[in-house]
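The values are calculated or read from the model by the stated rules, or taken from the named source; none is laboratory data. These figures come from a predicted structure and were not determined experimentally. Cβ sites come from the backbone with ideal geometry, for glycine too, and all protein chains shown count toward neighbours.
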Amino acid sequence: MPNPTFETLIYDVEDGIATITLNRPDRMNAFTARMMKDLIEAFDATDADDAVKAVIVTGAGRAFCAGADLGAGGATFDRTSPQALEREEGKVGDVYRDGGGRVTLRMYDSLKPIIGAINGAAVGVGVTMQLPMDIRMASTEAKFGFVFARRGINPEAASSWFLPRLVGLQTALEWCYTGRVFPAQEALERGLVRSLHAPDDLLPAARALAREIVDNTAPVSVALTRQLLWRMAGADHPMEAHKADSRAIQSRGASGDAKEGVTSFLEKRAPVYPNKVSTDLPDIWPEWREPEFR
């Protein structure tokens, strides 16, 4: 499958790993309506390509993403203005959809694991877009900030759902109330990122983690695992997880992947899993109903 091309991203697939690089370095990779659309289309591409078994997201230049592009000045966040960031987007009822939320909801639905390699400044949507990534690794030079209250707006990108689940309500409230920019070490200590790395070591470390997934695990099992853990983060009762687990185990247990997983272990060799995400992913969510905004 040929790699798609994007106006605001670099998209590359090599040895099972797709790398999505935010690519507006002259604007510190600031978020625009075009970048929103490109990111959604990029995750459509990774889901559709069975050659992709893990995804890394990083930024070009010295920033990961400096937040929304403020080129429109005071009208940047005015959804009624012709200069609004998402003026090209429609409404649900009388509400203009938040572009950051459209990206994070698409990431939430990803069938491939997502690793963030946060190489520099990440504020506003530059940090909230990271929250549905499965694992975030950061450069020691990275900085983070939920700066919304300092810009007269509020947290977006569904971060009020994601952030407390990652760092706890107290830390989420502190960061959002103060809007202060904080260093990578604090992000590590509070649980926002998994590990810190020297700038030159960040992408190699992210690729090594992705390589461990790609080389050793069944892609359909990883896709199911991702859905189970993320969706059950908001379940009302563990019975919901039990029902989904049971359907998944019944399907996976009879699959070629399960036979290969056991056989390769017993034969002490690397596995070659036959099943594909595009054709063999079982439906384990018969009660699931898509929210109106997705």
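If a residue must be surrounded by 15 or more Cβ atoms within 10 Å (Cβ to Cβ) and assigned to a helix (DSSP H, G or I), how many such residues does region 242-255 contain? Lay out the reasoning, then the answer.
Going residue by residue through region 242-255, those that are surrounded by 15 or more Cβ atoms within 10 Å (Cβ to Cβ) are 243-245, 247-248, 251-252, 255.
From the residues that got through so far, the ones that are assigned to a helix (DSSP H, G or I) too are 243-245, 247-248, 251-252.
Summing the residues that are surrounded by 15 or more Cβ atoms within 10 Å (Cβ to Cβ) and assigned to a helix (DSSP H, G or I) in region 242-255 gives 7.
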**Asked** So A218 fits all but one of (1) touching a helix residue (DSSP H, G or I) at 6+ places or on another chain (Cβ under 7 Å); (2) over 30 Å from G253 (Cα atoms); what number is the exception?
**Response** (2)
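Given the residues A198, A184, A206, which is the only one that is in the same structural domain as K112 (by TED's automatic domain parsing) and closer than 21 Å to A54 by Cβ?
One residue alone meets the criteria, A206.
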**Message:** I'd like the residue in region 75-134 that is among the basic types (K, R), part of a loop (DSSP other than H, G, I, E, B) and at pLDDT 70 or above and, out of all such residues, is surrounded by the most Cβ atoms within 10 Å (Cβ to Cβ).
**Reply:** K112
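Could you list, in sequence order, the residues of region 221-237 that are over 18 Å from the mean Cα position of the chain (by Cα) and more than 21 Å from G253 (Cβ to Cβ)? Before the answer, list the steps.
Narrowing region 221-237 to residues over 18 Å from the mean Cα position of the chain (by Cα): 221, 235-237.
Residues satisfying the conditions are A235, D236, H237.
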**Prompt:** Mind checking whether some residue in region 12-21 is within 22 Å of E156 (Cα to Cα), of a type in the set (G, A, S) and under 18 Å from the mean Cα position of the chain (by Cα)?
**Reply:** no
**Item:** Selection from region 161-181 of residues that are under 11 Å from F144 (Cβ atoms) and not aliphatic (A, V, I, L, M)
**Value:** W175, R180
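This table checks each residue for (1) under 30 Å from F162 (Cα atoms); (2) assigned by TED's automatic domain parsing to the domain that holds I114; (3) not charged (D, E, K, R).
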residue	(1), (2), (3)
S221	yes, no, yes
T225	yes, no, yes
L228	yes, no, yes
M232	yes, no, yes
A241	yes, no, yes
D245	yes, no, no
I249	yes, no, yes
G253	no, no, yes
E260	no, no, no
